[in-house]
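**Q** Sharing a structure, written as structure tokens. Questions coming.
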4 protein chains.
Amino acid sequence: MSSNTFGVLFRFTTWGESHGEQIGCVVDGTPPRLALDEAWIQHWLDRRKPGQSRFTSQRRESDRVRIVSGVFEGLTTGAPIGLIIQNEDARSKDYETIKDKFRPGHADYTYQIKYGIRDYRGGGRASARETAMRVAAGAIARRILGEDVAIRGAVIQLGADPIERGNWDWAQVEQNPFWCPDPEAVRRWEAALDVARKRGSSMGAVIELVVTGAPPGLGSPVYGKFDAELAAALMGINAVKGVEIGAGFKAATLSGEENADEMRMKEGKVAFLSNNAGGVLGGITTGQDVVARFAVKPTSSILTARRTVTTTGEETEISTKGRHDPCVGIRAVPVGEAMLACLLADHRLRHRAQCGG
Amino acid sequence: MSSNTFGVLFRFTTWGESHGEQIGCVVDGTPPRLALDEAWIQHWLDRRKPGQSRFTSQRRESDRVRIVSGVFEGLTTGAPIGLIIQNEDARSKDYETIKDKFRPGHADYTYQIKYGIRDYRGGGRASARETAMRVAAGAIARRILGEDVAIRGAVIQLGADPIERGNWDWAQVEQNPFWCPDPEAVRRWEAALDVARKRGSSMGAVIELVVTGAPPGLGSPVYGKFDAELAAALMGINAVKGVEIGAGFKAATLSGEENADEMRMKEGKVAFLSNNAGGVLGGITTGQDVVARFAVKPTSSILTARRTVTTTGEETEISTKGRHDPCVGIRAVPVGEAMLACLLADHRLRHRAQCGG
Amino acid sequence: MSSNTFGVLFRFTTWGESHGEQIGCVVDGTPPRLALDEAWIQHWLDRRKPGQSRFTSQRRESDRVRIVSGVFEGLTTGAPIGLIIQNEDARSKDYETIKDKFRPGHADYTYQIKYGIRDYRGGGRASARETAMRVAAGAIARRILGEDVAIRGAVIQLGADPIERGNWDWAQVEQNPFWCPDPEAVRRWEAALDVARKRGSSMGAVIELVVTGAPPGLGSPVYGKFDAELAAALMGINAVKGVEIGAGFKAATLSGEENADEMRMKEGKVAFLSNNAGGVLGGITTGQDVVARFAVKPTSSILTARRTVTTTGEETEISTKGRHDPCVGIRAVPVGEAMLACLLADHRLRHRAQCGG
Amino acid sequence: MSSNTFGVLFRFTTWGESHGEQIGCVVDGTPPRLALDEAWIQHWLDRRKPGQSRFTSQRRESDRVRIVSGVFEGLTTGAPIGLIIQNEDARSKDYETIKDKFRPGHADYTYQIKYGIRDYRGGGRASARETAMRVAAGAIARRILGEDVAIRGAVIQLGADPIERGNWDWAQVEQNPFWCPDPEAVRRWEAALDVARKRGSSMGAVIELVVTGAPPGLGSPVYGKFDAELAAALMGINAVKGVEIGAGFKAATLSGEENADEMRMKEGKVAFLSNNAGGVLGGITTGQDVVARFAVKPTSSILTARRTVTTTGEETEISTKGRHDPCVGIRAVPVGEAMLACLLADHRLRHRAQCGG
């Protein structure tokens, strides 16, 4: 059972609520003798941190991670790595008014109906705050993968407005608050998201992840398929409603001839002439770039009143105050990267177990 | 590890290659004292069987299932249920010519690079023939779910041509070779797929699955999310490249106001006024219809020669003869239904374990 | 994979080294709405705490547990329960002299050969300090089991000196430093262990665990057998070398007639006339008392010099100073109880999943 | 969940009842390109086969195994290996008289109370017939381990009569019907077991397993300990009531000085001067011989009438006819070896995953 655990051999388990004392994570299965310190993990966490622009939540969390086990004299020991972040800026009072109401689009109703109890403060366990720990685990995963594997993500669509793919420039991605690779789109998006933000509304987004340097042969046929587990990894991120690999939904519109990624030899190695597969065939990586996209719905916390019901079955309305991301899709970029890093690390170990090397 | 196993508590493990002696499945975790016989499973298998129209493979398999354990005097005993289907019409000779070539779009290359060996006959383990066992397991899952839960699927797009949703009629679905709910689309699709088939080409498709009567409260937060595991279940079906739940990729284009599924009371129960969520919030079912879609790429086995390489690294061409589905998406409908049935059954047991009832 | 996780549905994962900043545990799968607070867990932890008599380690740890997640307003929420204990009295300097030597009987050599690195301070991850977290998890398990299930343990043999079973008195167990049910044995053991302790030597012990009120029907046939998993649970406690259920090794000496536990009806219920089975038949509990025993080897940390080698392959001698239990078997009693409690809770949930009720 | 599955990375799942059509097994995780054929597996199965002497069941089963998947042109492919054995000589009529009675010592009562239904024919799923599949899986495990690892078992005690350890001769083990290494004990045991057999009674036994050539470093600390999982593997064999490693229960009687296995260098390698640890320290193999023992209770099927109750709660008596092993411990030898082989293979893959090499 894995309600709070991700991964098979490289695996992490998280705990903690949005407004609890701390959030934490235990990472198991890490190979021994890898260099690891808090600064390395912090580097990746800082990319996800709230409050870095007007387009993300204004909650002020330093998200300072501590390694509490599993590392000795700067190296991993093979023992479980405990990671802890204190919550600092929880304002539970913001949530008093909604403790008896179900916010539409949130997990309030389903937690209540499943468990008969819920920690309503800041969404409790259902809060995206938990994703900080995914990013931390992803930083360790990157150590396992090494520097030859690059995992990068970008927002490629805000609301209904996509980037121009011809403008794609990875260098741009770290230079705007949207992780956007198209500088022209950035200008349009700033205007659009400002409008939404001021109105107390919200927007959705589509994120693309690209892995270069992924080793071929990762993944398992039939039920441990790399693409199937990638779909779960991304669909499991808060607010995600769609996932696709390679040509994705567009693949349904192609003919067999168009879709086939032909192969040639290039410098003694197999080279594919296209990548409709998105780097995965039969559940196993081909060695091409792994390419995946996921769609994030608009933030459910909005100011406009929406009709809802109370925990005791009365009809009412709700408008959600608090400090929310006007587009949660933006901060999903480092989270998606992290999930993909963890999955790759897990499959690298799984492959080594069965096939060696 | 689960390379050949699906599910946690209701779980099945499959074995067998396309051209081996048999394919089989062992289903574990079934509650005791459920009525089960071969006829019930056969009913569902027959819906997936090849050779039922000119639009599916002409391989003649009766797909006759035998229950070899776990059922006693017509009832499940709680012991593992062994299921076996003999392969009858394998024509391995068709594959001799391609044993040293990698077919583009197939798993030939990735199996070879991962394992250093592959059973090339009919795609071996990577063949969609394995999905017969998913359908068989799905039949058992439906017994667990009972008759109040209906799981249905339909092709809603062939190539680039979608149905008209206003024409949707579930009764139509069983009456045409496409599992299509729109009789007007059927006419267009017959023409289009005949063209592709005669040309030795192939087409993709999009399938929609709908569950009515799904109990609320199924799924787990954070890493055992119902929607995340559904994404894996569907993406793990052969040739699938995209999965979405509820509004799916379109959710990214909605405003927060549009996306929120408002709630009212109706006859003493919570009623949602829309279903952009597709029946899942925070990874847990709401009790609304579960709605998911998945995209299937065009069949990779096509007659037109494509460039490829050999296992020894020489450039060559390949055109795939044999008896193939011109659109594998069609036969993916009962497979998708089965995966969803298995997932629901699994989560029903998982929910009962933690929360009772 | 479960290197640091115990259990299937009720499961906990621990982290932390003996001389690290903290030890911790995340408990997953707990049913919602159970009353839980730190005082309840602390009650059980205090029974295991070192430094309570001259017969246990003089390390001074308050073992103060904090619940950092998963409990809201005094009730479990179904979310993972994070538990943390700060380490307070670690004296790592004691271990400087042995950092390059393998202590016989300890895991120093095997950790080094497996991982190529080890946290030598206090045994690092291999220290019995980790068992505090098992006791904490066991306290939560007891909440799941309820008050009708009593899980008790007692030392029944110190060194080669067994108790007189006719003297068994459960009330005595909490009134002497040995968890011994036979007051006459206590007197002998005090003398014997004082001799060993003063000499810097150590002694082994045998512990018996008894569960009354265990529900029948728990366990799974074939590979999830209750007795098999109980054997793993107990053998996995530090320093344990043998486990037996019911008549145990003595069962090998009985005839079939002697061994058979006959059955009669008693007040409308099935009653067994003996309990050679130890409450488990075919891997499933019968409803009789579950009875298990485990043997603990003498503490490996002793003052007498023993021959060993260094990490660089030189022959040397070692005598282990520090604050050690002269008989680790004593403090294994609450640990054994906790493992049994966790296993019962896990199987109760597993049984409910498949069979309901 | 693993009710019918053993192992983590090298794992097998079995199905089938004693009197069903067949028993079967699917072995997952096997590395590719290992030589494997039916003759190799059959070799090991033949050692366990019933009817080979007057001291085992006279049921005539050829136990002819078929490989139905996962092997191609004599080599494993990495795909799941399906194994099937037809049941040939089931005499279900023997069991008609006991279908409504619970046989003492058998799992009849516990299966009924757990599932509310049971296949009473020959013990159904609880029959030791299932262990044929463990032996088959063990044969594959031996291929993974290679020829440098020898796993051997012997009966060292029949009833209360142990062998003289000074007489131990491995060559004797294959030359008598008891797998006994002491020719003098064989003579005594023949006489004793003939008496028991003719009387319709039964005897217990103790088996010792020894692995030579086990690589050091296998196993995981804390909850995936090699010795803990070995205890589960052996306790999970039908009729086993006790397990010990190395000095076992006797370890409790040793002083710390006696118990410590001292270390010296020998030809550049670490050499232990004794093996009280039984080849495992801190849950990880040391490279010494792995030594384990397990106790098997006397066969529960005996001719002497015993008191019992019926499924409807009436008091009655039962005497078990049929063709039973007068000492099931004898045929447990190849089963114990197989479980140990599977565990070693599993841990070899698990070790390679985390630590490489």
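The values are calculated or read from the model by the stated rules, or taken from the named source; none is laboratory data. If you're wondering where the values come from, they're calculated on a predicted model, not measured in any experiment. Please note: Cβ atoms are built from the backbone with ideal geometry, for glycine as well, and neighbour counts cover all protein chains shown. Calculation scope for accessible area: heavy atoms of the full protein, side chains included, ligands and nucleic acids excluded. Shrake-Rupley method; radii C 1.70, N 1.55, O 1.52, S 1.80 Å.
**Q** Could you check, for region A:276-295, whether at least one of its residues is among the hydroxyl-bearing types (S, T, Y) and in contact with a helix residue (DSSP H, G or I) (Cβ under 7 Å, 6 or more places away or on another chain)?
**A** So far as region A:276-295 goes, yes, one or more of its residues are among the hydroxyl-bearing types (S, T, Y) and in contact with a helix residue (DSSP H, G or I) (Cβ under 7 Å, 6 or more places away or on another chain).
**Q** Only one of (1) closer than 15 Å to C:F294 by Cα; (2) surrounded by 24 or more Cβ atoms within 10 Å (Cβ to Cβ) is not met by C:G159, so which one is it?
**A** (2)
**Q** Right, D:V186: assigned to a helix (DSSP H, G or I), open to solvent by less than 30 Å² (accessible area, probe 1.4 Å) and without any contact (Cβ under 8 Å) to a residue 60 or more places away in the chain or not?
**A** Yes, satisfied.
**Q** Given B:D161, B:D169, which one is out of contact with any Asp or Glu (no Cβ under 8 Å at 6 or more places or on another chain) and either acidic (D, E) or farther than 23 Å from A:K250 by Cα (or both)?
**A** After ruling out the rest, the residue left standing is B:D161.
**Q** Are any residues in region C:197-225 part of a loop (DSSP other than H, G, I, E, B) and within 20 Å of C:K269 (Cβ to Cβ), and if so, which ones?
**A** Matches in region C:197-225: C:G213, C:A214, C:P215, C:P216, C:G217, C:L218, C:G219.
**Q** Then there is this: Being touching a residue at least 60 places away in the same chain (Cβ under 8 Å), more than 19 Å from D:V335 (Cβ to Cβ) and of a type in the set (S, T, Y) narrows it down to one of D:Y95, D:Y111, so name that one.
**A** When all the criteria are applied, what remains is D:Y95.
**Q** Give the residue, chosen from B:A205, B:A214, B:A139, B:A196, that is in contact with a Phe, Trp or Tyr (Cβ under 7 Å, 6 or more places away or on another chain), touching a residue at least 12 places away in the same chain (Cβ under 8 Å) and surrounded by 17 or more Cβ atoms within 10 Å (Cβ to Cβ).
**A** Only one candidate qualifies: B:A139.
**Q** For region A:319-341, state whether one or more residues are touching a Phe, Trp or Tyr at 6+ places or on another chain (Cβ under 9 Å), within 17 Å of A:I156 (Cβ to Cβ) and in a loop (DSSP other than H, G, I, E, B).
**A** yes
**Q** Related question: Please work out if D:A136 is aliphatic (A, V, I, L, M), closer than 23 Å to D:S3 by Cα and more than 10 Å from chain C (Cβ to nearest Cβ).
**A** yes
**Q** Among the residues that make up region C:47-56, is at least one of them crowded, with 22+ Cβ neighbours inside 10 Å and farther than 23 Å from A:Q22 by Cβ?
**A** Looking through region C:47-56, at least one residue is crowded, with 22+ Cβ neighbours inside 10 Å and farther than 23 Å from A:Q22 by Cβ.
**Q** If you scan region B:100-114, which residues turn out to be surrounded by fewer than 24 Cβ atoms within 10 Å (Cβ to Cβ) and out of contact with any helix residue (DSSP H, G or I) (no Cβ under 8 Å at 6 or more places or on another chain)?
**A** Residues satisfying the conditions are B:D100, B:R103, B:Q112, B:I113.
**Q** For region D:173-204, what are the residues that are charged (D, E, K, R) and in contact with a Leu (Cβ under 7 Å, 6 or more places away or on another chain)?
**A** None; the set is empty.
**Q** Scan D:A160, D:A192 and give me the residue that is of a type outside the set (S, T, N, Q), farther than 25 Å from C:K114 by Cα and touching a strand residue (DSSP E or B) at 6+ places or on another chain (Cβ under 7 Å).
**A** On inspection, the qualifying residue turns out to be D:A192.
**Q** For region D:289-317, how many residues are in contact (Cβ under 8 Å) with a residue 24 or more places away in the chain and either over 27 Å from D:G116 (Cβ atoms) or within 27 Å of the chain's Cα centre (by Cα) (or both)?
**A** 16
**Q** On to the next question. Can you tell which of D:F10, D:F6 is under 18 Å from the mean Cα position of the chain (by Cα), touching a residue at least 40 places away in the same chain (Cβ under 8 Å) and under 19 Å from A:V222 (Cβ atoms)?
**A** It is D:F10.
**Q** Please work out which one of (1) facing another protein chain (nearest Cβ under 7 Å); (2) open to solvent by 30 Å² or more (accessible area, probe 1.4 Å); (3) not in a helix (DSSP H, G or I) is the condition D:S300 fails and give its number.
**A** Failed condition: (2).
**Q** Does A:G279 meet the test of being more than 9 Å from every other protein chain (Cβ to nearest Cβ), open to solvent by less than 40 Å² (accessible area, probe 1.4 Å) and at positive phi?
**A** So A:G279 passes the test.
**Q** Scan region A:143-165 and tell me whether some residue there is within 10 Å of another protein chain (Cβ to nearest Cβ), in a loop (DSSP other than H, G, I, E, B) and at pLDDT 95 or above.
**A** Scanning region A:143-165 turns up at least one residue that is within 10 Å of another protein chain (Cβ to nearest Cβ), in a loop (DSSP other than H, G, I, E, B) and at pLDDT 95 or above.
**Q** If a residue must be open to solvent by 20 Å² or more (accessible area, probe 1.4 Å) and either more than 22 Å from B:I302 (Cβ to Cβ) or part of a strand (DSSP E or B) (or both), how many such residues does region A:282-297 contain?
**A** 5
**Q** Among the residues of region D:332-349 satisfying the criterion of being of a type outside the set (A, V, I, L, M, F, W, C) and over 22 Å from D:P177 (Cα atoms), which is nearest to the chain's Cα centre (by Cα)?
**A** Once the filter is applied, the top-ranked residue is D:D346.
**Q** Which members of region D:59-90 meet the condition of being more than 20 Å from the chain's Cα centre (by Cα) and open to solvent by 50 Å² or more (accessible area, probe 1.4 Å)?
**A** Within region D:59-90, D:R60, D:R66, D:E73, D:L75, D:Q86, D:E88 meet the criteria.
**Q** Go through region B:1-114 and tell me which strands (runs of 3 or more DSSP E), entirely inside it, have 3 or more residues that are more than 14 Å from chain A (Cβ to nearest Cβ).
**A** B:65-67, B:81-86
**Q** Do you know which residues across region C:55-72 are out of contact with any Pro (no Cβ under 8 Å at 6 or more places or on another chain) and of a type in the set (K, R)?
**A** Scanning region C:55-72 gives C:R64, C:R66.
**Q** Within region B:115-134, work out how many residues are more than 30 Å from B:G70 (Cα to Cα), assigned to a helix (DSSP H, G or I) and open to solvent by less than 30 Å² (accessible area, probe 1.4 Å).
**A** Selection size over region B:115-134: 3.
**Q** Hey, does region B:218-226 have a residue that's within 12 Å of chain A (Cβ to nearest Cβ) and under 17 Å from the mean Cα position of the chain (by Cα)?
**A** yes
**Q** Applying the selection to region D:227-271, what residues are more than 7 Å from chain C (Cβ to nearest Cβ), open to solvent by 10 Å² or more (accessible area, probe 1.4 Å) and either in a strand (DSSP E or B) or of a type in the set (D, E) (or both)?
**A** D:E258, D:K266, D:E267, D:K269, D:A271
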